[in-house]
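Here is the structure we will look at.
What follows draws every value from the coordinates through simple rules; no lab data is involved. Everything quoted here is computed from the prediction, not taken from an experiment. Virtual Cβ from ideal backbone geometry, glycine too; neighbours counted across all protein chains shown.
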Amino acid sequence: IWSSNKIFNPVSFKNNNYTTLFVSIKLAKRLSFGVTGGIFSKAGYNGDVIKHKWGTSYGLFMKPADNYTIGITYIDLPFRFADSRRGIERICDETINAGISYKFYKYSTLYIDIRNLNEEEQTPKRELHFGLENNFIKNLSIRLGYFHTKNSKYSPEGDVYSVGVGLIDFNQLTRFENRFTHNNYILNYSAVFERMRGKNTVWHFLSLNLRI
């Protein structure tokens, strides 16, 4: 991401992106169903742009107890975009992924995700991701993450670390009955550090979440 002494290089950015819309339906007090739709775009080899390719994902969110949650999602990416989320997010097309969060202290939550539970031919498969979130200060979240990659045609063996912050919990700005069961930060930043076979890479991510 560092090019010509600039942190952000906007060349081709408008042609290589995806935009998502998420809808969640509360089925019961501790059970929700969600659907995400996304429009994917990227520049072709000849400079042409592939537009309006639609992908979806479906998920169940369960909260068996006040201090832990379980999530299961199915990812269905559009044709020619099957690898678009594999590199950094480690998410494969047509796969089931699961996650568990456990709040072991008033301000601290442990997260464990498992990538690709069902596709034996896809890489990664059954890859564990670990995360830790601390909310010692109101409207501020400090996050740490780690996962290990195995050697494959998509990535060499290595370790990936991340550190991030979240600012302004949307739950603090809305009525109690409209709050999420988990923190929902409006502004999020994270830095991801990859160490793979002697090659070090740093990625920066910034996201803005708006809730209707």
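Label-to-label distance for Leu173 and Lys138 is 1.6 nm, based on points extended 7 Å past Cα in the beta-carbon direction. Taking a sphere under 10 Å around the Cβ of Arg80 and counting the other residues whose Cβ falls inside, with K and R at +1 and D and E at -1, yields a net charge of +1. Fully extending the segment from Ala43 to His148, taken as 0.36 nm per residue of separation minus the present Cα-Cα distance, adds 34.8 nm. Taking 0.36 nm per residue of sequence separation and removing the Cα-Cα distance, the Asn183/Asn17 pair yields an extension gain of 57.1 nm.
When the pairs Lys63/Lys106; Lys29/Lys125; Lys150/Lys199 are compared against a 21 Å limit on Cα-Cα distance, Lys29/Lys125 fall above it. Among residues other than Tyr58 with Cβ under 15 Å from its Cβ, the summed charge is -3 (Lys and Arg +1, Asp and Glu -1).
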